[in-house]
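Quick notes on the structure that follows.
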2 protein chains.
Amino acid sequence: MAPRTTQILEAAARLIARRGVRGLRVEELAAEAGVSTGLIYYHFKDRTGILRQTLEFISDRAERYTAGHVARAEPLDPRAELEETLLLELQDTPVVRENSTAWGELRASAVFDADLRDDLARATLVWVQEVAALLGQVQPTAPAPALAAAGERLTAQLEGLSMRWLSGGLRIDHARDLLRGAIDAEVAALRGD
Amino acid sequence: MAPRTTQILEAAARLIARRGVRGLRVEELAAEAGVSTGLIYYHFKDRTGILRQTLEFISDRAERYTAGHVARAEPLDPRAELEETLLLELQDTPVVRENSTAWGELRASAVFDADLRDDLARATLVWVQEVAALLGQVQPTAPAPALAAAGERLTAQLEGLSMRWLSGGLRIDHARDLLRGAIDAEVAALRGD
DNA sequence: GTCTATAATCGGATAGAC
DNA sequence: GTCTATCCGATTATAGAC
């Protein structure tokens, strides 16, 4: 991909995280990317095209981000590794907030845009499987389908809590506590199986 | 509430579910409701006011159909009651789909629109407390804070699963199975406390 | 490829008649 | 209470120079 295109998409992702899909202004995007509006329209067909490519870009980047974390492979015990992986997404730092916000926008946009769904589903699957694998290290005797289901639940739980946090309904510390509680409950249920 | 207001709010809920909050145009709302744009502004302060009242309308309506199921002929045991209340929101029927879609949109919009947050938080709290109360009937010995936390988790879990369903990442039957599993895990954890 | 300047459109909001 | 007509600022999108 052309460097200019990437530069604009990165700026668009930042802006979507800050203002939302609805709040993205082409002129503001140009300023954020350090180019002119004319150039935006040279590289993209129209505003919808920008949006579509940016949302694809966000879901691609999410895959890389998750993969990078796995490759880091620190010698934590499985349970701590699981907890850290999930709690990583519930931190009030600029980068996490931006990623989570953009991800939420992507998820919400996909409800009305079928073209986005495949990418989103793929990125979600990678994430679910990573969590399921970590759960498998915590409870090696648990059957695979139970691990898969717990992975789906915990990631969906995290998305739900994240949205409440971002929409101002939950303070971050409380959201983290709640997520820890959910992990406890799921791990206990896998042990009970 | 004035019949005209209700008529407009019903149209707004339909439109939000169909096009998203982002796609709601006052002119289109007028057409959908069968009135003029001028009348919309007679009944509502501005576009945000429409959104805010639609949010209230949607959560009231959700309560109403929840309450409707409570008033069934044969009273269910608390556990079944809890499960049915939550699963009610995960059904592929027009009215539930419309409500869930609109709710998801408003949640996502609140991330960028502070004006929506208070109402959203209030509506969420009512819901969380209702679920906590049902949990309290299932596990009367559980301490109140544990019930509150479980209520917050289960409702956030449901929102997360609902978004995945609506964005095409999860089939409805599977989403329902996952939610049942989450209820099992939470109830078991409360028993263990 | 990139910019500046500007045309064209969109959409929220209001005025005023009935 | 309700409508028609319209205003006007905000944004998208294009033209044309470099």
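The values are calculated or read from the model by the stated rules, or taken from the named source; none is laboratory data. Everything numeric in this text was worked out from a predicted model, so none of it was measured. As a convention, Cβ positions derive from the backbone with ideal geometry for all residues, glycine included, and neighbour counts pool all protein chains shown. Ligands, DNA and RNA are stripped out before the accessible areas are found, and what is left, the full protein with its side chains, is counted by its heavy atoms. Shrake-Rupley method; radii C 1.70, N 1.55, O 1.52, S 1.80 Å.
At a glance:
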| read-out | value |
| --- | --- |
| Solvent-accessible area lost in complex, 50 Å² minimum, residues of the stretch A:144-193 relative to chain alone, 1.4 Å | A:Glu152, A:Arg153, A:Ala156, A:Gln157, A:Met163, A:Arg164, A:Ser167, A:Leu178, A:Ala185 |
| When the stretch B:52-192 is reduced to its Cα atoms, the Kirkwood hydrodynamic radius in Å | 15.6 |
| Whole-percent carbon and sulfur share, accessible surface of the stretch A:54-192, 1.4 Å | 55 |
| Relative contact order (%) - chain A, alpha-carbon pairs under 8 angstrom, separation at least six | 22 |
| Helix-only [θ]222 nm of chain A, DSSP H runs n ≥ 4, -39500 (n - 2.57) each, per residue, nearest 500 | -27000 deg cm²/dmol |
| Stokes-Einstein D for the stretch B:147-193, Kirkwood Rh over Cα pairs, 25 °C, 0.890 mPa s (µm²/s) | 222 |
| Chains A and B together, accessible area buried on both sides, 1.4 angstrom probe, square angstrom | 3200 |
| The stretch A:84-193, relative contact order [Cα under 8 Å, separation at least 6], % | 30 |
| Percent of C-alpha pairs per 5 Å bin, the stretch B:1-86, short to long | 3, 13, 22, 19, 11, 8, 9, 8, 5, 2, 0 |
| Solvent-accessible heavy-atom area per residue, rounded to whole Å², over the protein assembly as shown at 1.4 Å | 44 |
| Reciprocal of mean inverse Cα separation for the stretch A:72-151 (Kirkwood radius, Å) | 14.2 |
| Pseudo-label separations to other copies for A:Thr141 - Cα-to-Cβ vector, 7 Å, nm | 2.6 |
| Local net charge near A:Gly169, Cβ-Cβ under 13 Å (Lys/Arg +1, Asp/Glu -1) | +1 |
| Where A:Tyr41, A:Tyr65 fall by accessible area, highest first, once all protein chains stay in place (1.4 Å) | A:Tyr41, A:Tyr65 |
| Equivalent-ellipsoid semi-axes of the protein assembly as shown, from the Cα gyration tensor, Å, largest first | 34, 30, 16 |
| Axial C-alpha extent at least 27 Å, average Kyte-Doolittle at least 0.0 - helices from chain A (DSSP) | A:114-138, A:144-166, A:172-192 |
